[in-house]
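**Student:** Here it is, the structure, as structure tokens.
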């Protein structure tokens, strides 16, 4: 569990369009990119190719995507995929059938962003007020930045900051973010009439956790998976259901002590995600 960060009231309640908390984690090392682009060996990454077609193509001597470059039917698509792999362009595969772990194998760690949000409710008609994003700074060193709206009015500035932060990202890593975090962000941007995010490759760790651990763990909540797989315990963590109520109280009565547990909760979620991805990649069990 990360050490608690003291949030000085003079900073949290100071000037600016929003508050930014920044901290460093030294214990996350992502073994990326993978040495061999296994994605090229997966013929099913091409639209229209399923198990049967892949089997027929292999019988005809096509062993990988590159070997299909001159194929009458599949050549154009094969060349595009091969060029995307050469460019290590993870975004290209956002709307393909490429398995997450094969796309992650293309990426440099600094191109990945671990993201988690805190909101005033479960539907995007309610504001979001905190977005945490963590990137690798150097091998084994991660920088977490948490963008916090100290009032409801600061939400739009937080969203603009998030959009700017994500411009250089190729991959976004979340836990249930395909259904919650990213649609929520997009909906809040649409509410304010701001430009929505461009497509990123999205690795939702929840789906991988379910595939790997649902038979052995009581549930696949991040807290449960992190505890059993990593030994990552979270004593004194604020329950998620209390977070909206505490934030509303903070808006009415600004006090740094109120918001500190929420910042820690968000930081622990993101830290646990990064450690979990690193463990899965290192053990080679993402396949």
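The values are calculated or read from the model by the stated rules, or taken from the named source; none is laboratory data. This one's a predicted model, so the numbers in the text were calculated from it and none came from an experiment. Ideal geometry is used to build each Cβ from the backbone, glycine not excepted, and the neighbour counts take in all protein chains shown.
**Student:** Scan the stretch 22-63 for residues that are at pLDDT 90 or above, within 28 Å of residue 267 (Cβ to Cβ) and crowded, with 19+ Cβ neighbours inside 10 Å and jot them down.
**Tutor:** The answer is 25, and nothing else.
**Student:** Residues 237, 187: which one is assigned to a loop (DSSP other than H, G, I, E, B) and surrounded by fewer than 19 Cβ atoms within 10 Å (Cβ to Cβ)?
**Tutor:** Matching residue, one of 237, 187: 237.
**Student:** Would you point out which residue out of 134, 112 is in contact with a helix residue (DSSP H, G or I) (Cβ under 6 Å, 6 or more places away or on another chain), touching a residue at least 24 places away in the same chain (Cβ under 8 Å), assigned by TED's automatic domain parsing to the domain that holds residue 202 and within 28 Å of residue 158 (Cβ to Cβ)?
**Tutor:** Criteria check complete, one pass: 134.
**Student:** Identify, please: which residue in the stretch 196-226 is in a loop (DSSP other than H, G, I, E, B) and touching a helix residue (DSSP H, G or I) at 6+ places or on another chain (Cβ under 7 Å) and is, among those, farthest from residue 112 (Cα to Cα)?
**Tutor:** Once the filter is applied, the top-ranked residue is 218.
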